[in-house]
Amino acid sequence: MEKLAIFIAKGGTGKTTTAVSLAAGLSADGQRVVLVDTDPQGGISSYFSIESTGGLTELLDGKEARLVRVRPNLVVIPSGDGSLGEQSLRLSGPIEQTDLFQRLFAELHDTDFVIFDCSPLLNAITQGVLAYADHVLIPVSMDYLSAVTAVNTVNAINSLSAAERPKILGILPTFYDRRTRISRVILRMLRDHFGDLVMETIIRTNTQINEAPSFKKTIFEFAKFSYGSADYSSLLDEVELRLKRG
Ligand SMILES: Nc1ncnc2c1ncn2[C@@H]1O[C@H](COP(=O)(O)OP(=O)(O)O)[C@@H](O)[C@H]1O
Ligand SMILES: [Mg+2]
């Protein structure tokens with residue numbers, strides 16, 4: 001079972017979109033995927049228009065979590081009743097979380113991929129996810145503040161202890177618009193600073209990606225022949241390639 005977290009310490013860079021698109025693409029390829037929403041804002045629940053309660057918060061309270069099948073090979077664990085942020089403050093630390101995830105997923109024998117959609121806060125919940133995950137993917141939008149946050153996020157991840165640190169699968173440029181100078185400048189900055197850590201795949205700004213959630217559809221279902229669909233398909237290939245390389 002591969003455990004992948006989607007995280008950067010900033011909102012609005014395409015984390016939820018990337019988590020949903022990867023989960024959708026992998027599950028359509030026949031992989032059995034569990035998508036876990038660890039953001040109290042519940043973006044995944046909104047995306048698929050499902051009830052958010054009965055998820056992670058309830059699990060942390062020792063209750064059963066709801067596993068919501070949203071597509072044939074795709075199950076969602078919602079973030080819960082919205083109090084994940086407060087719960088995070090009560091946790092003793094990431095290890096408590098890791099134990100929880102280990103117990104939870106020990107029961108999900110027939111899962112190939114677990115994808116965690118993180119909140120932008122590096123709180124105990126997120127630290128637990130990072131400790132449990134094998135890899136982290138970092139979506140960075142093409143603006144200066146996101147690029148700075150990417151540097152800070154990579155530093156924060158690298159300063160975690162070996163047991164709590166996932167491998168960085170890649171830094172994913174998002175909201176790329178080739179007509180703007182800033183997109184080209186930021187991409188160059190990232191490539192100069194991070195080298196091969198930056199994915200070859202670039203997610204371009206695309207209206208259909210923005211519209212898809214309002215139709216409760218993934219980008220592949222909503223606009224199969226869009227830029228967005230093409231970009232997330234290449235991301236899928238590159239993720240699988242990078243995982244194979246180890
Ligand atoms: N490549 C893109 N082109 C256009 N809109 C996008 C793209 N990626 C994400 N969006 C939209 O931008 C908003 C923020 O994206 P989201 O994935 O929710 O970010 P995060 O989870 O990092 O906060 C959403 O409305 C989403 O539909
Ligand atoms: Mg989100």
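The values are calculated or read from the model by the stated rules, or taken from the named source; none is laboratory data. Being a predicted model, the structure only gives us computed values, none of them experimental. Please note: Cβ atoms are built from the backbone with ideal geometry, for glycine as well, and neighbour counts cover all protein chains shown.
Being away from ligand 1 (no atom under 16 Å from the Cβ), outside any strand (DSSP E or B) and within 19 Å of residue 113 (Cβ to Cβ) narrows it down to one of 23, 65, so name that one.
65
Consider residue 31 against the criteria (1) surrounded by 20 or more Cβ atoms within 10 Å (Cβ to Cβ); (2) in contact with a strand residue (DSSP E or B) (Cβ under 8 Å, 6 or more places away or on another chain): it satisfies all of them except one. Which criterion is unmet?
(1)
Give 13, 53 a once-over and let me know the one that is within 15 Å of ligand 2 (Cβ to nearest atom) and polar (S, T, N, Q).
Residue meeting the stated conditions: 13.
So for the range 149-168 (the condition being within 30 Å of residue 30 (Cβ to Cβ) and buried (at least 16 other Cβ atoms within 10 Å of the Cβ)), does at least one residue qualify?
Checking the range 149-168: at least one residue is within 30 Å of residue 30 (Cβ to Cβ) and buried (at least 16 other Cβ atoms within 10 Å of the Cβ).
From the list 16, 53, which residue is among the β-branched types (Val, Ile, Thr) and not in a loop (DSSP other than H, G, I, E, B)? Working first, answer last.
On the way: 53 fails: not in a loop (DSSP other than H, G, I, E, B).
One residue alone meets the criteria, 16.
So which residues in the range 26-50 are assigned to a loop (DSSP other than H, G, I, E, B) and hydrophobic (A, V, I, L, M, F, W, C), if there are any at all? If you could, list the steps in order and put the result at the bottom.
If we filter the range 26-50 for residues that are assigned to a loop (DSSP other than H, G, I, E, B), which is where we start, we get 29-32, 38-42, 49-50.
Across the range 26-50, the qualifying residue is only 50.
Are any of the residues in the range 188-200 part of a loop (DSSP other than H, G, I, E, B), more than 20 Å from the chain's Cα centre (by Cα), of a type outside the set (S, T, N, Q) and at pLDDT 95 or above?
no
Might you check whether a residue that is surrounded by fewer than 16 Cβ atoms within 10 Å (Cβ to Cβ), touching a residue at least 60 places away in the same chain (Cβ under 8 Å), in a helix (DSSP H, G or I) and not β-branched (Val, Ile, Thr) occurs anywhere in the range 123-145?
Yes, there is a match, as at least one residue in the range 123-145 is surrounded by fewer than 16 Cβ atoms within 10 Å (Cβ to Cβ), touching a residue at least 60 places away in the same chain (Cβ under 8 Å), in a helix (DSSP H, G or I) and not β-branched (Val, Ile, Thr).
Only one of 38, 111, 57, 16 is closer than 20 Å to residue 220 by Cα, modelled with pLDDT of 85 or more and not aromatic (Phe, Trp, Tyr). Can you tell me which?
16
Condition check: in a helix (DSSP H, G or I) and exposed (fewer than 13 other Cβ atoms within 10 Å of the Cβ). Does residue 228 satisfy that?
Against the criterion (in a helix (DSSP H, G or I) and exposed (fewer than 13 other Cβ atoms within 10 Å of the Cβ)), residue 228 does not qualify.
Which of the numbered conditions does residue 19 fail, given that it passes all the others? Conditions: (1) in contact with a Phe, Trp or Tyr (Cβ under 9 Å, 6 or more places away or on another chain); (2) free of Cβ contacts under 8 Å to residues at least 24 places away in the same chain.
Answer for residue 19: the failing condition is (2).
Please tell me if residue 243 is surrounded by fewer than 21 Cβ atoms within 10 Å (Cβ to Cβ) and either within 12 Å of ligand 1 (Cβ to nearest atom) or assigned to a helix (DSSP H, G or I) (or both).
Yes.
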